[in-house]
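What follows is a short report on a single structure.
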Amino acid sequence: MTANFWDTGDGEVVQKQDTIEVEGGNSGLMPIPARTQVKIGIQEAKWETSDGDGTYINLKHQVLAPECYKGRIVFQKLHVNPLATSPNNKSLTEEKLRKKKAKALRMLGVIDTNAGGKLLSSPQAPTDETLTLHLVNKTMMMELDVYEFDHKDGVKIPNPVDYMRGNWVKKVAPKSAFVDMTKDEQAAAVEKTKQEYAALLAQGPSQREQPAARQQARPAGQQSSPAAASTSFDEFDDDIPF
């Protein structure tokens, strides 16, 4: 690891910048459609480790607006120090590993800039404590895209309604950049998602366990969004390693 945490390894040291847009991801049906702008509040920020990805920074965002998606959760993995030995990285070349790290550091830098820039002021890697102190409860605009996987553990999922779907963060910008949807736009988006999901169900019933227990366990006062209620997509919180 370099002496400066923010060194991308390709001649760049990440600096303060309040907007970023990235490439990548797959398209697919989601309760929050692709290219939707949301205002989010960061609920959690911490280091995590998984068998496939190794160690990374995991951010948990909660949608604050538009109202029709309020309360929805989007997770974001930032692979700021990807290891070649991690199973999901073994097929990557050294150059692709550097690009993966640089992409994650730039994203973290923009998120930190919009949160006040405290992490960027130090060359040291952030800890769970500093991530929580400087990122949690900060608000910004994010534009979401969608991924769709039709395989799980190398096996083709037979029914399209059961494909693994979720949101990933396409763009980050200051909260002042957020443009809210009108009530008519929100209603139209929810209805479109409802119809698309119904069309998938028409191809055959879902074999996925419905999230009834998780809905019952929802904290008091937190209601399902119209989109979640109409499409049963609560189990599709984002967990894609972009």
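The values are calculated or read from the model by the stated rules, or taken from the named source; none is laboratory data. These numbers come from a predicted model, not from an experiment. Cβ atoms come from the backbone with ideal geometry, glycine included; neighbour counts cover every protein chain shown.
The table for this structure:
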{"read-out": "Lone qualifier among K118, K77, K96 - being of a type in the set (K, R), closer than 29 Å to T193 by Cα and at pLDDT 90 or above", "value": "K77"}
{"read-out": "Odd one out for N137, checked against (1) on the phi < 0 side of the Ramachandran plot; (2) at pLDDT 95 or above", "value": "(1)"}
{"read-out": "Any chance K60 is in contact with a strand residue (DSSP E or B) (Cβ under 9 Å, 6 or more places away or on another chain), touching a residue at least 40 places away in the same chain (Cβ under 8 Å), assigned to a strand (DSSP E or B) and basic (K, R)", "value": "no"}
{"read-out": "Among (1) without any contact (Cβ under 8 Å) to a residue 40 or more places away in the chain; (2) of a type in the set (G, A, S); (3) closer than 16 Å to P66 by Cβ - the single one G154 does not satisfy", "value": "(3)"}
{"read-out": "Residues that are exposed (fewer than 15 other Cβ atoms within 10 Å of the Cβ), part of a helix (DSSP H, G or I) and in contact (Cβ under 8 Å) with a residue 40 or more places away in the chain, drawn from segment 127-151", "value": "D128"}
{"read-out": "Positions within segment 157-174 being crowded, with 17+ Cβ neighbours inside 10 Å, of a type outside the set (S, T, N, Q) and either touching a residue at least 60 places away in the same chain (Cβ under 8 Å) or at positive phi (or both), in sequence order", "value": "Y163, M164, R165, G166, W168, V169, K170, K171, V172, A173"}
{"read-out": "Residue within segment 166-177 that is touching a helix residue (DSSP H, G or I) at 6+ places or on another chain (Cβ under 6 Å), assigned to a loop (DSSP other than H, G, I, E, B) and modelled with pLDDT of 95 or more present", "value": "yes"}
{"read-out": "Some residue of segment 43-60 being more than 27 Å from R98 (Cβ to Cβ) and among the hydrophobic types (A, V, I, L, M, F, W, C)", "value": "no"}
{"read-out": "Of all residues in segment 83-126 being in contact with a strand residue (DSSP E or B) (Cβ under 7 Å, 6 or more places away or on another chain) and under 13 Å from T55 (Cβ atoms), the one that is surrounded by the most Cβ atoms within 10 Å (Cβ to Cβ)", "value": "A104"}
{"read-out": "Segment 178-210, residues that are modelled with pLDDT of 85 or more, surrounded by fewer than 17 Cβ atoms within 10 Å (Cβ to Cβ) and not hydrophobic (A, V, I, L, M, F, W, C)", "value": "D180, T182, K183, D184, E185, E191, K192, K194, Q195, E196, Q203"}
{"read-out": "Subset tally (residues that are among the acidic types (D, E) and touching a helix residue (DSSP H, G or I) at 6+ places or on another chain (Cβ under 7 Å)) for segment 89-136", "value": "1"}
